[in-house]
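Working notes, structure below.
Any read-out appearing in this document is the output of simple, stated calculations on the displayed coordinates, not a laboratory observation. What you are looking at is a predicted structure, and each value in this text was computed from that prediction instead of being measured. Neighbour counts run over all protein chains shown; Cβ positions are idealised from the backbone, glycine included.
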Amino acid sequence: MTALPQLSVVVPVFNERDNVAPLVHEITAALRGRAPGDGGAFEIVYIDDRSRDDTLAVLRQLQAEVPELRVLHHERQSGQSTAIRNGVKAARGAWIATLDGDGQNDPADIPKLLAERARSPDAVKLFAGWRVQRQDSGSKRWASKWANAIRARMLRDDTPDTGCGIKLFEREAFLDLPYFDHMHRYLPALMQRAGWTTVSVPVNHRHRTSGVSKYNNLNRALVGLRDLRGVAWLIARSRRTAVREL
């Protein structure tokens, strides 16, 4: 009987056909024999956000050689946050590791996040990657620096890098968060709003070797300002209390 995975690696992709196979093989190399749970079982859940290239075909071919790989496909393009949420909903692991599908996150950092979890208290439900040496263009780094500064001032989430795609979090805690488009960029603030603790962990960051970025700085800024106001409103309206059964 196959052991139920304790860890699910969730990877959203859109038009990343050349990055799929290298990243899948890196994930298996990083986790086979090192994942938590019975026998180190893990799974990889790719969510294809209705790619226009042959990303889906490449994934289907890889399933024949990578037994840990599962493939989901959006019938309508819905964005990264929806892809992540659908992947988490389909995942069987109690803990979720996420990676961007462009290969800039290093799967070798997943064991590092797992080790951090092992020595942390149960109240920590999110371990967020922190790209201390970003390998992006100067304009992208500059935009992220200002966006992080504004976000930190408004949300006070004590997180230096919320845009990093590599994260480790508890599945149940994630699915209890309010869902909205672009929510994946505000996971530390949302987890803290729910009463949990978050930790930032320095991780590797790599140059993109294939394909092109799906975002530009102006789009990020316009969407980000609206989302920031929304998340700040959610935090202000939050009410929490301990509950005990009598």
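Assorted remarks:
- Along the axis of the charge dipole computed for the stretch 7-236 (Cβ charges of +1 for Lys and Arg, -1 for Asp and Glu, origin at the Cα centre), the listed residues N86, Y46, G230 are led at the positive end by G230.
- The stretch 7-236: antiparallel DSSP beta bridges as a percent of all, rounded to 5: 25 percent
- Hypothetical label at S210: residues of the stretch 74-111 whose amide nitrogen lies under 19 Å (7 Å Cα-Cβ projection): 99-108
- For the peptides 239-245, 166-172, 118-124, the ranking by packing is 166-172, 118-124, 239-245, with the highest mean count of neighbouring Cβ atoms within 10 Å listed first.
- One entry in [x] 19.7; [y] 18.5; [z] 20.5 is Kirkwood radius over Cα pairs in Å calculated from the shown coordinates; its label is [y].
- Packing around the peptides 76-84, 45-53, taken as the average count of other Cβ atoms within 10 Å per residue, puts them in this order, highest first: 45-53, 76-84.
- Shown in residue order for the stretch 76-89 are the 3J(HN,Hα) couplings computed by the Karplus curve 6.51 cos²θ - 1.76 cosθ + 1.60 at θ = phi - 60°: 9, 4, 10, x, 5, 4, 5, 4, 4, 5, 5, x, 5, 4 Hz (x for Gly and Pro).
- Where labels lie 7 Å past Cα in the beta-carbon direction, separation of R244 and R153 in nm: 4.3 nm
- Sum of -39500 (n - 2.57) over DSSP H runs of 4+, divided by residues of the chain (222 nm, nearest 500): -12000 deg cm²/dmol
- Point-charge dipole on Cβ atoms (K/R +1, D/E -1) for the chain, about Cα centre, debye to 20: 1020 debye
- The residues neighbouring P202, those whose beta-carbon lies less than 12 Å from its own, together hold a net charge of -1 under the Lys/Arg +1, Asp/Glu -1 convention.
- Whole-percent pair-distance distribution, where bins are 5 Å wide, for the alpha carbons of the stretch 1-54: 5, 19, 25, 19, 14, 11, 6, 1
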